[in-house]
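Novice: Got a structure here, written out as structure tokens. Questions coming.
The values are calculated or read from the model by the stated rules, or taken from the named source; none is laboratory data. From a predicted model like this one, the values you see are computed outputs, not experimental measurements. No Cβ is skipped: glycine too gets one built from the backbone with ideal geometry, and neighbour counts run over all protein chains shown. These accessible areas exclude ligands, DNA and RNA; they are computed on the full protein's heavy atoms, side chains included. Shrake-Rupley method; radii C 1.70, N 1.55, O 1.52, S 1.80 Å.
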Amino acid sequence: MIDRRSFLDWLLGGTVFAGLAAILYPAARYLEPQEIPEAAISSLKVGTIEDFPLDSGTIFKFGRKPGLLIHDADGKFRAFHATCTHLSCVVQYRKDMGAIYCACHNGRFDINGKNISGPPPRPLEEFDVHLKGNEVYVSLRG
Amino acid sequence: MTRTDSKLYDQLNVRFKLDALVAFLSSKKVPRHSHSIFYYTGGVAMFLFVVQVCSGILLLMYYKGSADSAFESVRYIMSEVPFGWLIRDIHSWSANLMILFVFIHMFAVFFTKAYRFPRELTWFSGILLLFLSLGFGFSGYLLPWNELAFFATKVGTDIVGAVPLIGEPLLEFLRGSEDVTATTLSRFFGIHVAILPGLFVLILSMHLLFVQRQGMSEPPRWKDLPESEKSYTPFFPDFLLRDFALWSAVLAVVAVLAVLSPWELGLKADPFTSAPAGIKPEWYFMFMFQTLKYIPAHVMSIEGEILGILMFGLGGLLWALVPVFDRDGSRKRWSRFVRLVGLIVVLYIIALTILGYTST
Ligand code: HEM
Ligand code: FES
């Protein structure tokens, strides 16, 4: 049997706890990031071949994320998620290095998106690129 | 005192017992010795906080905390509003000096061992004030919504996200979305102008209350000194007047810096451009940022970043707990060792900060 006093203590403690929970739970939920509904795109036209000079890179928008389209010196197209795998800066194609470069901490990726020097721990994620006539499309891989 | 003054005083005294307050002020005294100058450092930090509150409230009259208009509103403050440039430059310069003085104040307390009994809680509340100051700097940096701040905040919050366990929820709370976006700016704005000022004033009040109740600390070696060899400056009016004189000088320095060396605004943030070269954090985060550069990407299968964060987390915790390790009764050797560690910490911070600005 619990005595009257500890019963009251328990009741009081429980009430305070429930009260706090009733305040904190909605506040925590309120602060949680909202899911912003996004028309799920899986494929996107980024332009026509003429828009992209040889040996250059262009940042494009893929939904809310930046992508990097590279038209290499041999005329081949490649596309990557432009978000650096280190700490999320936006990378760029540097023709003087023939590589993808991240200015935040001197990270480098080769032309296939593989991390080759500096702090990035993983390769860049790659998009598939298709040509339809002279139009350039990128799409999510897999 | 003039007659009217004393009449007013009497009237108030009957109601509020002012005599007790005057007695308290006139008995308050500040020890005089070779390191007395350190007793001024906290006051300067507090004064600069007041400058921040005043200039910050003025900025609020024109600043707009949304991604569409934040950059433009700061540009408007700088170019159109009369003396807007001055207010912004004062806010930026005084912010940096405030953080500098918070650091100096902390090290002064550390090396004079003023954190020992009975002042442990004063030290702990001071550590909280340091973190809040850094939070002010970090959140304020993003507000102009320029390119450098945008990428620095991406990097900074990503590092927060790498902290084991609490990192991910903290990252979501700060960013309010998956990435640094307009939502992040709104949150940082709210944190900067409402949450932090509220918390800061609360904890600063406790900090000051503790200091007033306990009086100024005396150097440990004074314990064995006869009363006749200790000397003091009365707090009221002598010390307080010197405080005022120093604060005026500090304000003048802030004004000169603000006029001679204006703060850049740079380019508006654009999530769809490549990060420019020269992304760097504010100078007070530089030593940590620079350390992370020297840690390899992987150390025995732990990611370098995480290792660095754990090291700084542990180091910071030990630093915050120094009143627990180094007590009044601690042995002399141990006490000297703690001081040596402090010295190494200061040298490390200075060296890595310099490296951060000079190495490429
Ligand atoms: C009640 C107190 C405060 C208010 C209302 C306030 C308000 C503001 C506002 C509206 C801005 C945006 C305008 C701008 O960027 O120029 C800003 C920026 C900033 N604030 Fe504060 N602030 C306060 C305290 C502080 C404190 C205590 C610090 C630092 C210790 C601080 C550091 C900064 C920094 C570094 C910026 C960026 C300056 C810039 O690049 O323009 N603020 N603040
Ligand atoms: S964010 Fe790209 S190298 Fe650090």
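Novice: Please give the per residue accessible area of the stretch B:1-72, computed with a probe of 1.4 Å over protein heavy atoms only, in Å².
Specialist: Values: 4720 Å² over 72 residues.
Accessible area per residue, the stretch B:1-72: 66 Å².
Novice: Can you give the accessible area of A:K132 in Å² (nearest 10), computed on protein heavy atoms with a 1.4 Å probe?
Specialist: About 130 Å², rounded to the nearest 10.
Novice: Any idea of B:Y357's accessible area? Nearest 10 Å², probe 1.4 Å.
Specialist: 110
Novice: By how many degrees, 0 to 90 and rounded to 10, does the Cα axis of helix B:332-358 deviate from the longest principal axis of chain B?
Specialist: 40
Novice: Please work out how much accessible surface A:D3 shows to a 1.4 Å probe, ignoring ligands, DNA and RNA, in Å² rounded to 10.
Specialist: 90
Novice: Per the Kirkwood treatment, what hydrodynamic radius in Å, one decimal, follows for the protein assembly as shown from the mean inverse distance over all distinct Cα pairs? Present the calculation step by step, with values, prior to reporting the outcome.
Specialist: On the way: mean 1/r = 0.0372 Å⁻¹.
That comes to 26.9 Å for the protein assembly as shown.
Novice: Enumerate the amide H contacts of A:C89 below 5 Å, restricted to partners 5 or more residues apart or on another chain; note that Pro and chain-start residues carry no placed amide H.
Specialist: Under 5 Å from the amide H of A:C89: A:C84.
Novice: If you don't mind, another one. Between beta-carbons, use under 14 Å as the cut-off and find the net charge around B:P219, counting Lys and Arg +1, Asp and Glu -1.
Specialist: On the way: positive: B:R32, B:K113, B:R116, B:R119, B:R221, B:K223, B:K230, B:R339; negative: B:E218, B:D224, B:E229, B:D328.
Summing Lys and Arg as +1 and Asp and Glu as -1 gives +4.
Novice: Tell me the relative contact order for chain A as a rounded percent, counting alpha carbon contacts under 8 Å between residues six or more apart.
Specialist: On the way: 228 pairs, mean separation 26.4, N = 142.
Rounded, it is 19 percent for chain A.
Novice: Which residue, chosen from B:L132, B:S330, B:G278, occupies the Cα position most advanced towards the positive end of the dipole of chain B, where the dipole is computed from +1 (Lys, Arg) and -1 (Asp, Glu) charges on Cβ about the Cα centre?
Specialist: B:S330
Novice: Please go through the stretch B:194-230 and write out the trypsin sites (Lys or Arg not before Pro) that DSSP classes as loop and that have at most 14 other C-beta atoms within 10 Å. Display every interim value, and only then the final one.
Specialist: Values: sites: B:R213, B:R221, B:K223, B:K230; in loops: B:K230.
When the trypsin sites (Lys or Arg not before Pro) of the stretch B:194-230 are filtered for loop state and at most 14 Cβ neighbours within 10 Å, B:K230 remain.
Novice: Pick from B:V259, B:V74, B:V22: which is most flexible by mean-square fluctuation in a GNM of chain B where alpha carbon atoms under 10 Å apart are linked?
Specialist: Taking springs between Cα atoms under 10 Å, the residue moving most is B:V22.
Novice: Given a 1.4 Å probe, show me the residues in the stretch A:42-64 buried by at least 30 Å² of accessible surface when comparing the whole protein assembly to the chain alone.
Specialist: A:I59, A:K61
Novice: Based solely on its DSSP helices, what 222 nm [θ] is calculated for chain B when runs of n ≥ 4 H residues each add -39,500 (n - 2.57) and the sum is averaged over all residues, nearest 500 deg cm²/dmol? Could the numbers behind the result be given before it?
Specialist: Working: 15 runs with 235 residues, N = 360.
Taking each H run of at least 4 residues, the total per residue is -21500 deg cm²/dmol.
Novice: If we count GluC sites (Glu not before Pro) as exposed when they sit in a DSSP loop and have at most 11 other beta carbons within 10 Å, what is the longest stretch of chain B that avoids them all? Don't skip to the end; give the middle numbers.
Specialist: On the way: sites that count: B:E80, B:E264.
The reported range is B:81-263.
Novice: Sticking with this structure for a sec: Could you state the angle between the C-alpha long axis of helix A:4-31 and the longest principal axis of the C-alpha atoms of chain A, as a value from 0 to 90 degrees rounded to the nearest 10?
Specialist: Here the helix axis deviates by roughly 20 degrees.
Novice: At 1.002 mPa s and 20 °C, plugging the Kirkwood radius over alpha-carbon pairs of the stretch A:43-139 into Stokes-Einstein gives what diffusion coefficient in µm²/s? Each step should come with its number before you reach the end.
Specialist: Working: Rh = 13.2 Å.
Once the numbers are plugged in, D ends up at 162 µm²/s.
Novice: Over chain B, what is the mean sequence separation of C-alpha contacts under 8 Å (at least six apart), divided by residue count, expressed as relative contact order in percent? The partial results should precede the final answer.
Specialist: Working: 329 pairs, mean separation 92.1, N = 360.
Once normalised by length, the contact order is 26 percent.
Novice: Right, here's the next one. So what is the accessible area of the stretch B:277-360 per residue, in Å², with the probe set to 1.4 Å? If you can, show how the numbers build up before the last one.
Specialist: On the way: 5350 Å² over 84 residues.
With the other protein chains kept in place, the stretch B:277-360 gives 64 Å² per residue.
Novice: Sticking with this one: Work out, in µm²/s and without decimals, the Stokes-Einstein translational diffusion coefficient of the stretch B:205-360 at 25 °C, 0.890 mPa s, Rh from Kirkwood over C-alpha pairs.
Specialist: Values: Rh = 21.2 Å.
The Stokes-Einstein estimate is 116 µm²/s.
Novice: If you roll a 1.4 angstrom probe over the protein chains with everything in place, what fraction of the accessible area of the stretch A:43-139 belongs to carbon and sulfur, to the nearest %? Spell out each step's value before the answer.
Specialist: Working: 2080 of 4320 Å².
So the carbon and sulfur contribution to the accessible surface is 48 percent.
Novice: Over the stretch B:193-268, what percent of the accessible surface lies on carbon and sulfur atoms, probe 1.4 Å? Kindly include the intermediate steps, with their values, before the conclusion.
Specialist: Numbers: 3410 of 4870 Å².
With neighbouring chains kept in place, the figure for the stretch B:193-268 is 70 percent.
Novice: Between rounded, prolate and oblate, where does chain B land on the alpha carbon gyration tensor, with a ≥ b ≥ c its root eigenvalues, rounded for a/c under 1.5, else prolate if a/b exceeds b/c? Each step should come with its number before you reach the end.
Specialist: On the way: a/c = 2.17, a/b = 1.31, b/c = 1.66.
Cα axes put chain B in the oblate bin.
Novice: Subtract the Cα-Cα distance of B:S66 and B:F117 from 0.36 nm times their separation in residues, and report this length gain in nm to one decimal.
Specialist: Numbers: separation 51, 0.36 × 51 = 18.36 nm, distance 4.74 nm.
That pair, B:S66 and B:F117, stretches by 13.6 nm at full extension.
Novice: Expressed as a whole percentage, what fraction of the accessible surface of the stretch B:1-70 belongs to carbon and sulfur atoms when a 1.4 Å probe is rolled over the protein heavy atoms?
Specialist: On the way: 3110 of 4640 Å².
Summing carbon and sulfur atoms, their accessible area is 67 percent of the total for the stretch B:1-70.
Novice: Note down the net charge around A:D96, summing +1 for each Lys or Arg and -1 for each Asp or Glu among other residues with Cβ under 13 Å from its Cβ.
Specialist: Details: positive: A:R94, A:K95, A:R108; negative: A:D55.
Here the charged neighbours net out to +2.
Novice: Answer with one residue from B:H207, B:L12, A:W10: the one whose Cα lies farthest towards the positive end of the charge dipole of the protein assembly as shown, charges on Cβ with Lys, Arg +1 and Asp, Glu -1.
Specialist: After comparing all options, I get B:L12.
Novice: Turning to a different aspect of this structure: Report, in degrees rounded to the nearest 10, the 0 to 90 angle that the Cα long axis of helix B:196-214 makes with the longest principal axis of chain B.
Specialist: The helix B:196-214 is inclined about 20 degrees to chain B.
Novice: At 1.4 Å probe radius, can you tell me the per residue accessible area of the stretch A:43-139 in Å²? If you can, show how the numbers build up before the last one.
Specialist: On the way: 4320 Å² over 97 residues.
Here the per-residue accessible area is 45 Å².
Novice: Kindly identify residues of the stretch A:74-92 having a loss of at least 20 Å² in accessible area between the isolated chain and the assembly of all protein chains, probe radius 1.4 Å.
Specialist: A:H86, A:L87, A:S88, A:C89, A:V90, A:Q92
Novice: Counting each DSSP H run of 4 or more residues in chain A as -39500 (n - 2.57), what helix-only mean residue ellipticity at 222 nm follows after dividing by all residues, to the nearest 500 deg cm²/dmol? Before the final figure, lay out each step's value.
Specialist: Details: 1 runs with 28 residues, N = 142.
Dividing the helical sum by the residues of chain A leaves -7000 deg cm²/dmol.
Novice: Does any residue of the stretch B:282-305 lose at least 40 Å² of accessible area with all protein chains in place compared with its chain alone, and if so which ones (probe 1.4 Å)?
Specialist: Residues losing area: B:E305.
Novice: Still on this structure, please answer the following. What's the buried accessible area, both sides, between A and B using a 1.4 Å probe, rounded to 100 Å²? Walk me through the intermediate numbers first.
Specialist: Working: alone 9790 and 20800 Å², together 28580 Å².
By this definition, chains A and B bury close to 2000 Å².
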